[in-house]
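Trainee: Sharing a structure with you now.
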Amino acid sequence: MLRRALFAAVALLAAAPANAQTQAQPSKTLKVVMQSDLKIIDPVWTTAYIVRNHGYLIYDTLFALDAKLEARPQMVESWTVSDDQLTWTFKLRDGLKWHDGQPVTTADVLPSIKRFTDKDTLGGLLAKQTREMKALDDRTFQIVLNKPYGMMLKTLAKTSSIPPFIMPRRVAETPVTQQISDTTGSGPFIFKKDEWKPGEKVVYLRNPDYKPRAEPPSGLAGGKVAKVDRVEWVSIPDTQTAINALQQGEIDMIEQPSHDLLPVIEKDKNVEIVIPDQLGSTYILRFNWKQPPFNDVRYRRAAMVALNQKDFLQAVIGDPRYYKVCKAMFGCGTPLENAAGTDGILESRFEESKKILKEAGYDGTPIVLLQSTDLAVLTNLAPVAKTLLERGGFKVDMQSMDWQTLVARRAKKVPVADGGWNIAMTAAAAVLLIDPVNNHYAEASGDRAQFGWPLDEEIERLRLAFVGEGDPKKQFEIAEQVQKRILEGGVTVPLGQFLQPMARRKSVTGNIESPVTVFWNVEKK
């Protein structure tokens, strides 16, 4: 009896720590307030960053940019290039699976690349240089070019706004004009479509079958190790309410807290501010070239003369620690920073703006300016634009809506009277704007271009010349020509650079330094 009791006691003691550990195990659910609500789930159909972030959780890419912005293999195991630089042969990693358990094959890869090149700016340049794409077997495929294309790996590793996500063939064959509904991916997380409640929450589960690369994570490259079992994007539109929830431990992270509330967060010992994207972002204004009055360059010029960057940056960011006045189309502090075409614009010369409008015969018809109401980092842009444009002689009809509604609205090419628009604004990660081909707001190919659909054949010729030029000095000269033409023609209006901090509880660690908010490598104590 004594011996049995002793064994029982020992067994109980041995089990106690395990039971205690099980009971004390912290939640593996990470609750995050993202920049906006998710209402669109096709990361090729739209350039909205919230949809791109959704894509990075559930899909994978052939290549990815590391922390040094170098292209590294992701789904690809190995690749070779022919001596004449025209034939690229890629082999996929073994063990890649879709969320439904089926293997990823080259039959999925090729239509995925095509869907990307049909829509994306940089992808479009690759398409122009491609003679054919073909599968050699289930894991090996080729891209055969008409002439050498030195940006092949950078193109396949494109970060935004439309990354070349690999989707199942049945999904990838969906035309780019049509949104997908099947969200089967092969990435580190699985989208729980049955729990998706727009305006309330979005849920992702750790993919138990995902096979991470062996390398440590670096930027968007390397091993994507999901360290939490569940990620919930919780919708809390009011920033102050979101901060209260963060401080009370009801949520773990706020992707983009309002800059004016950062001092409140800095005082909380349980919360910290981090800046995952050290390159920052640039505010962008776009005119609708398909509808009057901005189908006329004189009106675009008048608006650019009336605007100035400092008013936008001060109204939205406020703290000079986090913003920089910068007219350069390819960013300040970058290799291609230059001043071409910047004279006389973005200086709020209101009398000159009025003079241009008078000469153009402006009849006072209000221009429709779209305002996003649920992104703190964008909300104040439109009111500033309205004030400056009105002082410059325009009449402005500012129409307010949530970000996802705005994204859908700005995709419309219809007349203003039928639900169209004249001016829309956004922000773009600086890493995506650093040269004429990566910068999708430099594209001026008409209907293929980003919202606004500018058309300028000379810009497109110069962008192709940039791709084919290997001399850095000559590349810089081409970049100057592109920027000058962009700013003189009103293709895109840069409104200054800024840094966007993230707020998280100190129990959360592991956010990767990247221009994209991702959740692999993130741990919760």
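The values are calculated or read from the model by the stated rules, or taken from the named source; none is laboratory data. Nothing here was measured: the structure is a model prediction, and the numbers come from that model. No Cβ is skipped: glycine too gets one built from the backbone with ideal geometry, and neighbour counts run over all protein chains shown.
Trainee: Residues F287, F330: which one is over 24 Å from E513 (Cα atoms) and either crowded, with 22+ Cβ neighbours inside 10 Å or modelled with pLDDT of 95 or more (or both)?
Mentor: None of the other options fit; the residue is F287.
Trainee: Taking the stretch 124-173, which residues are free of Cβ contacts under 8 Å to residues at least 60 places away in the same chain and farther than 23 Å from S82 by Cβ?
Mentor: R170, V171
Trainee: With the structure loaded, tell me whether P276 is modelled with pLDDT under 95, in a loop (DSSP other than H, G, I, E, B) and closer than 30 Å to I190 by Cβ or whether it fails that test. Show your work before the answer.
Mentor: On the way: modelled with pLDDT under 95: yes; in a loop (DSSP other than H, G, I, E, B): yes; closer than 30 Å to I190 by Cβ: yes.
Judged against the criteria, P276 is a match.
Trainee: Then there is this: Tally up the residues in the stretch 165-192 that are outside any strand (DSSP E or B) and more than 19 Å from the chain's Cα centre (by Cα), please.
Mentor: So the count comes out to 15.
Trainee: Then there's this: Go through the stretch 497-514 and give me each residue that's farther than 23 Å from D260 by Cβ, out of contact with any Leu (no Cβ under 6 Å at 6 or more places or on another chain) and not hydrophobic (A, V, I, L, M, F, W, C).
Mentor: Correct list: S507, T509, G510, E513.
Trainee: So, N244, is that one assigned to a loop (DSSP other than H, G, I, E, B), polar (S, T, N, Q) and free of Cβ contacts under 8 Å to residues at least 40 places away in the same chain or not? Give the derivation first.
Mentor: Values: assigned to a loop (DSSP other than H, G, I, E, B): no; polar (S, T, N, Q): yes; free of Cβ contacts under 8 Å to residues at least 40 places away in the same chain: yes.
No.
Trainee: Considering each of N422, N438 in turn, give the residue that is in contact (Cβ under 8 Å) with a residue 40 or more places away in the chain and crowded, with 23+ Cβ neighbours inside 10 Å.
Mentor: Just one listed residue meets the conditions, N422.
Trainee: Ok, one more. What are the residues in the stretch 497-525 that are of a type in the set (G, A, S), at pLDDT 95 or above and either part of a loop (DSSP other than H, G, I, E, B) or surrounded by fewer than 24 Cβ atoms within 10 Å (Cβ to Cβ) (or both), if any? Explain how you work it out, then say what you get.
Mentor: Taking the stretch 497-525 and keeping what is of a type in the set (G, A, S), we get 503, 507, 510, 514.
The next check asks that each one be at pLDDT 95 or above; those that pass are 503, 507, 510.
Of everything in the stretch 497-525, those that are of a type in the set (G, A, S), at pLDDT 95 or above and either part of a loop (DSSP other than H, G, I, E, B) or surrounded by fewer than 24 Cβ atoms within 10 Å (Cβ to Cβ) (or both) turn out to be S507, G510.
Trainee: Continuing with this model, one more query. Report, by residue number, each residue of the stretch 353-369 that is closer than 27 Å to T282 by Cα and crowded, with 22+ Cβ neighbours inside 10 Å.
Mentor: Matches in the stretch 353-369: S353, I367, L369.
Trainee: Can you name the residue in the stretch 441-452 that is surrounded by fewer than 24 Cβ atoms within 10 Å (Cβ to Cβ) and charged (D, E, K, R) and is also nearest to the chain's Cα centre (by Cα) among such residues?
Mentor: R448
Trainee: Quick one: which residue in V109, V81 is under 26 Å from L432 (Cβ atoms) and surrounded by 18 or more Cβ atoms within 10 Å (Cβ to Cβ)?
Mentor: Being under 26 Å from L432 (Cβ atoms) and surrounded by 18 or more Cβ atoms within 10 Å (Cβ to Cβ) holds for just one of V109, V81, which is V109.
Trainee: Considering only residues that are within 21 Å of S514 (Cβ to Cβ) and assigned to a loop (DSSP other than H, G, I, E, B), look in the stretch 401-436 and name the one that is modelled with the lowest pLDDT.
Mentor: I434
Trainee: Can you find a residue that is outside any helix (DSSP H, G or I), surrounded by fewer than 18 Cβ atoms within 10 Å (Cβ to Cβ) and over 25 Å from the mean Cα position of the chain (by Cα) anywhere in the stretch 470-491?
Mentor: yes
Trainee: Can you name every one of the helices (runs of 4 or more DSSP H) wholly within the stretch 329-400 that holds 1 or more residues which are in contact with a strand residue (DSSP E or B) (Cβ under 9 Å, 6 or more places away or on another chain), closer than 21 Å to A315 by Cα and among the hydroxyl-bearing types (S, T, Y)? Quick ask: steps written out before the conclusion?
Mentor: Numbers: elements: 350-360, 376-379, 381-391.
Passing ranges, in order: 376-379, 381-391.
Trainee: If the Cβ limit is 6 Å and pairs must be 6+ apart or interchain, which residue in the stretch 455-475 that is assigned by TED's automatic domain parsing to the domain that holds F294 pairs with which residue that is part of a helix (DSSP H, G or I) and surrounded by fewer than 16 Cβ atoms within 10 Å (Cβ to Cβ)?
Mentor: L455/G446
Trainee: So V264 fits all but one of (1) among the hydrophobic types (A, V, I, L, M, F, W, C); (2) surrounded by fewer than 22 Cβ atoms within 10 Å (Cβ to Cβ); (3) part of a loop (DSSP other than H, G, I, E, B); what number is the exception?
Mentor: (3)
Trainee: Moving on to the next point. I'm trying to understand the selection: among the residues of the stretch 60-78, which are crowded, with 19+ Cβ neighbours inside 10 Å and either farther than 19 Å from P164 by Cα or not aliphatic (A, V, I, L, M) (or both)?
Mentor: D60, T61, F63, R72, P73, Q74
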